[in-house]
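None of the figures in this text is laboratory data; all of them are computed from the coordinates on show. For clarity, every value in this text was computed on a predicted model and none was experimentally measured. Every residue, glycine among them, receives a Cβ derived from its backbone with ideal geometry; neighbour counts consider all protein chains shown.
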Amino acid sequence: MLYETSPDVDIFNLTDRQIADVIGFTVANDICNRVDLLLGQSYEKLKYTPQQVQLCRNDIREYVRGLVRVELDKLGPRPVDSHGLASDVLAATLEVFGE
């Protein structure tokens, strides 16, 4: 993801913003994996086609990445509690997409 957002990135000389982006991408990917684990069996029982489920998963991934970015921007340069951030974003995501 970092290479997609910054193709000319030097991974041995990351800026503070790029480090925050890597943290955000990692937390967002973990949250999406947890959502899949929590809702995985529900996906199979839904009346929707696999294509529709995949579109929903893409929406979840986009929502999570955006929410993580917003939360990291709020924190600014302060240290990040990645577990707390992941827990809060996961809870908000399940509220929005859990139905």
Using a 10 Å cut-off around each Cβ, can you sort TYR43, TYR3, TYR63 from fewest to most neighbouring Cβ atoms?
TYR3, TYR43, TYR63
Could you pull the Cα extents of the chain along its three principal axes, largest to smallest, in whole Å?
48, 28, 17
If N is the residue count of the range 48-99, its Cα Rg over 2.2 N^0.38 Å rounds to 1.32
Whole-Hz ³J(HN,Hα) from phi, Karplus 6.51 cos²θ - 1.76 cosθ + 1.60, for the range 75-85, glycine and proline x:
5, x, x, 5, x, 9, 8, 5, 5, x, 4
